[in-house]
1. Just give me the residues in the stretch 196-229 being at negative phi, in contact with a helix residue (DSSP H, G or I) (Cβ under 6 Å, 6 or more places away or on another chain) and of a type outside the set (A, V, I, L, M), in sequence order.
2. I need the full set of residues from the stretch 302-340 which are closer than 18 Å to Thr284 by Cβ and of a type in the set (D, E, K, R), in order please.
3. Looking only at the stretch 247-300, filter to residues that are among the aromatic types (Phe, Trp, Tyr) and outside the structural domain of Met333 (by TED's automatic domain parsing); which one of those is surrounded by the most Cβ atoms within 10 Å (Cβ to Cβ)?
4. So Gly190 clears everything in (1) in a helix (DSSP H, G or I); (2) over 20 Å from Gly22 (Cα atoms); (3) free of Cβ contacts under 8 Å to residues at least 40 places away in the same chain except one condition, right? Which one?
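The values are calculated or read from the model by the stated rules, or taken from the named source; none is laboratory data. Here the structure is a predicted model, which means the values were calculated and not measured. Neighbour counts are summed over all protein chains in view; Cβ atoms, including those assigned to glycine, are modelled from backbone coordinates with ideal geometry.
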Amino acid sequence: MNDIRAEAERFSTAKLRTIFIGGGTPSLFNPNEIEKILQCVKENFFVNEHCEITMEANPGSMEHYKLSDYQEVGINRLSLGVQSFNKRSLELLGRLHSVDDVYSVYEKAVLADFNSINIDLMYGLPEQNIEMAVNDIKAAVNLQAQHISYYQLTIEPNTQFYNKKPENMPTSDDNFAIQEKCFSFLSNAGYTRYEISAFTMAGYECQHNLNYWRYGDYIAVGAGAHGKYRYENQIKRYQKPANPILYMEGNYKKFKEYKLVTLENSDIIFEYMLNNLRLISGFTENHFEISTGISFKRIEEKLYKLNELGMIKKLPDSHWRPTALGFRFLDDMQVEFLSI
């Protein structure tokens, strides 16, 4: 609570349009604790009447409390870390929940009447083939989830898979074939792809994520949380200590200086393009200048180069949008703005 109050002192004029309770397993907090957190936020910030309030949850951690109780204290969007509907895939990923847990939790979530339910799925899993991947997507669609986040498994440093790479990983060609088949299935089922890894029924886009991808500001609360804000024509980033003990024993007012960085123009450009190029809608020249405070001419040459390569297309009203080729080679497109 002290962290929330300290952030409110710094951002006294902030108007919150989204709240995202995530990272780790926040559903281990009981509903009364979540209610206290949200009440503290509302006492210290102006919270929009239609604020999107998301809580992440793992299907295996929901056996202790009623989902309806979370909805009653203010959670209106639930994000379930399903990852797969395949028993073998869950075992290989080291997930603690079962397929039955997924269906049980989802049924309870529907009965709790959240405004929106998101299902997180991954592809490119060990031993996974196209049929297995399509079956995962079919299962999510059959549940009629309003939002589906569909990510390719990546092997990150300091993880179990990084230290011991699993066998029988799909090849890059296999993953592309899975992408094409599953993306097509989602489209035919009525889902719109609005971000490289996000699919939604009409009107259920995740507003919190859209703010992030559009390079909006966000406030950090909690151990390891990251924040970004504009101040006097500068863009700053900061974070909270990741070590829970250091965080809990800290002076929250001093955390506003913890790892505080003022971004250089080159960093701002790269971050903006890293985020906005993930969106199907792309961005406008005006949005770039308003969001970064940098002249569009700084990136114009790079964009025309990518346009010639067929990776991005210029539309009317100074609008730029990635093409299907650009999305397939998104990393290559983004790296063009790494040193500019």
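1. Correct list: Phe199, Trp213.
2. Lys302, Lys313, Lys314, Asp317, Arg321
3. Looking at residues that are among the aromatic types (Phe, Trp, Tyr) and outside the structural domain of Met333 (by TED's automatic domain parsing), I get Phe255.
4. Condition not satisfied by Gly190: (1).
So that you can scan it fast, the table gives a plain yes or no per residue for (1) over 26 Å from Leu263 (Cβ atoms); (2) outside any loop (DSSP other than H, G, I, E, B):
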site	(1), (2)
Ile299	no, yes
Lys302	no, yes
Leu306	no, yes
Gly310	yes, no
Lys314	yes, yes
Trp320	no, yes
Leu325	yes, yes
Gln334	no, yes
Ser339	no, no
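Yes/no matrix, rows are residues, columns are (1) under 14 Å from Leu80 (Cα atoms); (2) touching a Cys at 6+ places or on another chain (Cβ under 9 Å); (3) among the polar types (S, T, N, Q):
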| site | (1), (2), (3) |
| --- | --- |
| Leu111 | no, no, no |
| Glu131 | no, no, no |
| Asn135 | no, no, yes |
| Gln144 | yes, no, yes |
| Thr171 | no, no, yes |
| Ala177 | no, no, no |
| Phe183 | no, no, no |
| Ser187 | no, no, yes |
| Phe199 | no, no, no |
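Yes/no per residue for (1) surrounded by fewer than 19 Cβ atoms within 10 Å (Cβ to Cβ); (2) not in a loop (DSSP other than H, G, I, E, B):
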| position | (1), (2) |
| --- | --- |
| Tyr103 | yes, yes |
| Leu111 | yes, yes |
| Ile119 | no, yes |
| Met122 | no, yes |
| Glu167 | yes, no |
| Tyr212 | yes, yes |
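Okay, residues lined up against (1) surrounded by fewer than 20 Cβ atoms within 10 Å (Cβ to Cβ); (2) under 29 Å from Gly203 (Cβ atoms); (3) over 20 Å from the mean Cα position of the chain (by Cα):
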| site | (1), (2), (3) |
| --- | --- |
| Gly23 | yes, yes, no |
| Asn30 | yes, no, yes |
| Glu49 | yes, yes, yes |
| Gly60 | yes, no, yes |
